[in-house]
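Encoded as structure tokens, the structure appears first; notes follow it.
The values are calculated or read from the model by the stated rules, or taken from the named source; none is laboratory data. The structure displayed is predicted, hence computed values, not measured ones. Quick reminder, even Gly has a Cβ in these numbers, built from the backbone with ideal geometry, and neighbours come from all protein chains shown.
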Amino acid sequence: MLKQCRDDHAEHEMALAAGLAEVAAELRLIDAADLIAFIRTRQFGNLRSLVNASIEMYFKPGTVSFGQSGEARLGWSGEPSIMLDMEFHHRAVDIFFRLVLEARQAGVEIEYISFGTKSFADPREPLRRLSEALADARFRPGSMI
């Protein structure tokens, strides 16, 4: 299950979260303690390897990447929350966001999004461009790239 984390960019976050659902599901198969240990000990190379292995099954090279930073929240009560800084770059759509992994759900929080232009005549155009960029960035069944 994916959750919406912020009100602004709501449609963009929902589209991005849906596009990354399989990546988030793959990452949630990794023991949370391992992810937390890599974040807390700043072993971002190890974390990058795990994240890249999950990304490369679904997205073309260079379209989605780990942003070399993350945060883990773990208290005495409750379940852990792991935030990974991520980037998406494809078809003039650039997004810097946090992938939020929790026990029962995952989501995204967009920090910055750019469509390579300052304005659109149609207010639905940014969402359409994001959806098209996400679809084009994914591997198609039976294709090599």
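Things to note:
- Test: residue in the range 82-102 that is surrounded by fewer than 16 Cβ atoms within 10 Å (Cβ to Cβ), more than 18 Å from residue 12 (Cα to Cα) and either in contact with a strand residue (DSSP E or B) (Cβ under 6 Å, 6 or more places away or on another chain) or not polar (S, T, N, Q) (or both): no
- Considering residues of the range 103-145 that are among the polar types (S, T, N, Q), surrounded by 10 or more Cβ atoms within 10 Å (Cβ to Cβ) and without any contact (Cβ under 8 Å) to a residue 60 or more places away in the chain only, the residue farthest from residue 16 (Cα to Cα): 117
- Scanning the range 58-94 for residues that are more than 17 Å from residue 28 (Cα to Cα) and charged (D, E, K, R) gives 60, 87, 91, 94.
- Residues that are buried (at least 16 other Cβ atoms within 10 Å of the Cβ), under 11 Å from residue 106 (Cβ atoms) and either modelled with pLDDT under 75 or not small (Gly, Ala, Ser) (or both) within the range 1-23 comprise 2, 5, 20, 23, listed in sequence order.
- Just one of the listed residues (82, 110) is among the hydrophobic types (A, V, I, L, M, F, W, C) and in contact with a His (Cβ under 7 Å, 6 or more places away or on another chain), and it is 110.
- Boolean, residue 48 is basic (Lys, Arg), touching a residue at least 12 places away in the same chain (Cβ under 8 Å) and outside any strand (DSSP E or B): yes
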